[in-house]
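The values are calculated or read from the model by the stated rules, or taken from the named source; none is laboratory data. Computed from a prediction, not measured in an experiment: that's the story for all the values here. Glycine gets a Cβ as well: all are built from the backbone with ideal geometry, and neighbour counts include every protein chain shown. The protein model used for the area step is the full one, side chains on, heavy atoms only, and it has no ligands, DNA or RNA in it. Shrake-Rupley method; radii C 1.70, N 1.55, O 1.52, S 1.80 Å.
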Amino acid sequence: MNTLQRQDYNPRRPALAAFDAAGHTVEAGTDLLVCPYLTHRDPELWPDPERFDPRRFTAPDGRPTHPGAYFPFGIGPRACLGLQFALRESTVLLEHLLPAHTPAFHSAPTKAVYGITVRPDGPTPATLTPALMAG
Ligand code: HEM
């Protein structure tokens, strides 16, 4: 969950009607991009937002209750159809992979590359050794 807080994408939607946004008129048909990167790092919603802290998602008051505060799968009628599948798949993978293997990371990217998505600036080569062999 905390990893998904770090991903980024920019869904684009056209404005269905003109509206005022903080004193700026947005004409109907204007392409609008929402930016979860900013929302997921808004310190008013997420205290110390750059800190990787999975407990935000397990502690009772760990995450904001505003429905628009966290939307790694989009939000509304065009949200990701695979949301439940993707969450279940990652949980099962981590449940089975992590206890049975010892990961060794050989190098890790140090920077992010910013585009329509945010990605690491290089690969993360790692070796998974079956836990029994690792002793
Ligand atoms: C961690 C994994 C995944 C993430 C973070 C993710 C995220 C997203 C996001 C952000 C959107 C766009 C929502 C929008 O436009 O507002 C989307 C759309 C979509 N996703 Fe995923 N997705 C994931 C996995 C999957 C999987 C496993 C499937 C299918 C089995 C899937 C099927 C779809 C479909 C069909 C749409 C288009 C929905 C529409 O336009 O009505 N996704 N996803």
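When the chain is treated as a Gaussian network with alpha carbon springs shorter than 10 Å, the biggest mean-square fluctuation among TYR114, TYR70, TYR37 belongs to TYR114.
When DSSP beta bridges are restricted to pairs lying wholly in the chain, around 95% turn out antiparallel. Once you list every other residue whose beta carbon is under 9 Å from the beta carbon of ALA15, what net charge do they have if Lys and Arg are +1 and Asp and Glu are -1? Charge balance in the 9 Å sphere: -1.
So which residue, out of GLY62, GLY122, GLY23, gets the largest mean-square fluctuation from a GNM of the chain using Cα contacts under 10 Å as springs? Result: GLY23 has the largest fluctuation of those listed. Using heavy atoms of the protein chains and a probe of 1.4 Å, the accessible area assigned to ILE75 is about 100 Å².
When all C-alpha to C-alpha distances in the range 1-77 are sorted into bins of 5 Å, what percent of pairs does each bin hold, rounded to whole numbers? Going out from 0 Å in 5 Å bins, the range 1-77 shows 3, 14, 21, 21, 16, 11, 8, 6, 1 percent. Relative to the longest principal Cα axis of the chain, at what angle does helix 83-100 sit, 0 to 90 degrees, rounded to 10? Between the helix axis and the principal axis of the chain, the angle is about 20 degrees. Residues VAL26, VAL113, VAL34, sorted by accessible area with the largest first, give VAL34, VAL113, VAL26 [1.4 Å probe; ligands and nucleic acids excluded].
Pairwise inverse Cα distances across the chain, averaged and inverted, put the Kirkwood hydrodynamic radius at 18.0 Å.
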